[in-house]
Every structure is written in structure tokens, then in C-alpha cells.
Amino acid sequence: MANSAAYLAPELTAGLTVLDVGCGPGTITIDLARMVAPGMVLGIDSARAPLEQARKTATREGITNVSFEQADVLALQAENGSFDVVHAHQVLLHLKDPVAALRELLRVARPGGVVAARDTDYAAAMWWPPDPRLDLWLKVYRDVAHANGSEPDAGRRLLSWAHAAGAKNVIPSASIWCHSTPVERQWWGGMWAERILNSRIAEQAIEGGHASPADLEVISVAWREWARHPDGWFAIPHGEILCRL
């Protein structure tokens with residue numbers, strides 16, 4: 001929550017109802033539930049597997065004011081004005097029609113409530129030391145995303161998307177992730193070293209001709225070397241919006 005939704009925290013008070021869209025394994029969702037208890041929080045995701053993990057985590061941590069459901073952000077089952085707060089973290093950059101998704105989020109938020117969204121901006125990612133293999137990583141990732149019809153540089157576009165969706169009162173902001181300690185480098189570099197070889201991104205990179213298997217191996221090695229480098233530093237900015245209804 002602290003490194004992913006700090007811009008939303010001042011809006012959260014006890015008793016609010018919250019919809020967390022694209023909740024994944026529920027890490028942020030459970031933090032939201034703690035902050036608004038006894039208000040109820042619903043986490044939704046299009047994939048079933050992470051929802052099972054989210055439920056187990058909530059049970060293990062004794063969080064009872066949260067539930068999880070599989071749902072489509074473009075066709076939410078909730079009625080108009082159902083939630084005080086609607087939150088989406090790293091969701092819009094994966095969608096072919098982020099404006100339509102924002103319209104749905106605005107629809108299910110009550111008058112007086114807020115819709116909050118935060119997304120990365122991959123084109124603005126930066127790292128040290130320089131490495132052409134990581135330049136290739138960024139190119140491959142962005143090429144795959146664009147081939148899928150999604151926008152990896154969503155952060156800078158959030159304000160325009162909110163306006164296009166009909167939001168009238170939008171507060172834009174930005175924040176940044178920085179991975180520079182040994183633990184942070186191990187997590188981020190290790191995650192990408194594995195993901196670039198064994199994920200849907202890897203499959204689509206090869207299927208779409210954006211990279212060869214050998215290219216992906218080279219990128220994976222680069223991430224592991226970066227993670228071990230004592231000067232390794234990586235940062236990526238995020239755009240944020242708070243839409244007040």
C-alpha cells in the first residue's frame with residue numbers, strides 16, 4: 001500500500017466500501033481492508049488463480065471485511081454508485097480500451113466518492129549501469145504490449161484517459177518505484193530474469209517476432225547480473241489520478 005497507493009491513503013476512512021480492480025493476489029486489497037474496516041472491500045480480477053491466493057492470505061491474516069471475485073473490468077456486475085472508492089493499480093496499461101474501463105469505474109462509484117488509478121510508464125524507465133541487453137528488454141516489452149493493443153506508457157496518459165471517460169474533477173500526480181538495495185535488486189532482477197523466459201510475455205515476444213529465444217536468454221542473464229551489481233539501480237515512474245465524483 002505504502003509504495004503503490006500512497007496518493008489514495010488520505011481518502012480512506014473507516015466504514016467506506018471499496019472496489020479493488022485487478023487485485024491479483026490481494027496484497028493491496030488486504031491493506032485497503034485494514035484501512036476502511038469495518039467497511040467492506042471487494043477485490044476482482046479476470047484471472048482465477050491469484051484470487052485463491054488472495055483468499056488464503058486474507059484468512060491467514062484474519063481479515064474478514066474483504067472478499068474476492070472473478071470479473072471483467074469492462075462489464076462490472078455492480079449497480080451504479082455501489083462503492084465509495086474504486087481503485088485500480090497497474091490495470092489500465094494492460095487493456096485495449098482503458099477509457100471504456102474508466103467509464104465503468106466511474107459508473108460504479110457513488111456521488112461524492114473517488115476513482116483512483118495508478119499505472120507505470122515504461123518508456124521513462126531508467127537504470128544503472130547502462131546495458132544494451134536491458135535496452136533490448138525494454139524494447140521487447142513495449143513491442144509486445146503495443147502488438148497486443150495495450151499501452152505500456154500509460155502513466156503519462158491517465159489524465160487524458162480520465163477526461164475522455166467523462167471525469168470532470170481529476171487530480172493528477174506521479175510517484176516512482178526505485179529498486180536499489182540488494183534485496184530490492186534481487187526481487188526485481190530475479191522476477192524479470194524469470195518472467196522474460198517463462199511467461200506469456202516471452203511466448204508473445206517469440207510468436208510476434210519481437211525477439212528470439214536466444215535474445216530472451218541474453219536478457220535474462222543481464223537481469224541476474226544487474227541484480228548482483230553493487231551499483232545496480234532501477235527506477236520507473238508512475239502516473240496517478242484521483243477522480244472525484
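Here are a few things to note about the model shown:
- Shape of the range 131-190, Cα gyration tensor, a/c cut at 1.5: oblate
- Debye intensity ratio I(q)/I(0), log10, the range 30-142, q values 0.21 Å⁻¹ (C-alpha model): -1.17
- Here the Kirkwood formula puts the hydrodynamic radius of the range 168-244 at 14.3 Å, using every distinct Cα pair.
- For the range 4-69, the extents of the C-alpha atoms along the principal axes are 31, 22, 16 Å, listed from largest to smallest.
- The range 144-245: relative contact order as a whole-number percent, Cα under 8 Å and 6+ apart: 49 percent
- For a label point 7 Å along the Cα-to-beta-carbon line of SER180, residues of the range 115-145 with backbone N under 11 Å: 128
- Here the chain carries DSSP beta bridges of which approximately 50% are antiparallel, counting only pairs with both residues inside.
- Over all Cα atoms in the range 198-242, the spread is summed up by Rg and Dmax: 14.5, 43 Å.
- A helix-only calculation puts the chain at -12000 deg cm²/dmol for mean residue ellipticity at 222 nm, using -39500 (n - 2.57) for each DSSP H run of at least four residues, averaged over all residues.
- The largest-to-smallest principal axis extents of the Cα set in the chain are 51, 40, 30 Å.
- Distance from the Cα centroid of the range 63-83 to that of the range 137-192 is 24 Å (rounded to whole angstrom).
- For the range 109-245, the percent of C-alpha pairs falling in each 10 Å distance bin, counted from 0 to the bin holding the largest distance, reads 12, 34, 30, 17, 6, 0.
- Directionally averaged shadow of the range 83-150, computed from the convex hull of its alpha-carbon atoms, nm²: 5.4 nm²
- Scattering curve values for the range 34-98, log₁₀ I(q)/I(0), Debye with Cα scatterers, q = 0.15, 0.24 Å⁻¹: -0.55, -1.26
- Net +/- balance of residues flanking PRO10 in space, Cβ distance below 15 Å, scoring K and R +1, D and E -1: -2
- Here LYS96 is the anchor, and the lysines within straight C-alpha reach of less than 22 Å, apart from those fewer than 8 places off in the same chain, are LYS139.
None of the figures in this text is laboratory data; all of them are computed from the coordinates on show. Here the structure is a predicted model, which is why all the values come from computation and not from measurement. Because the Cβ atoms are built from the backbone with ideal geometry, glycine has one as well, and the counts that use them run over all protein chains shown.
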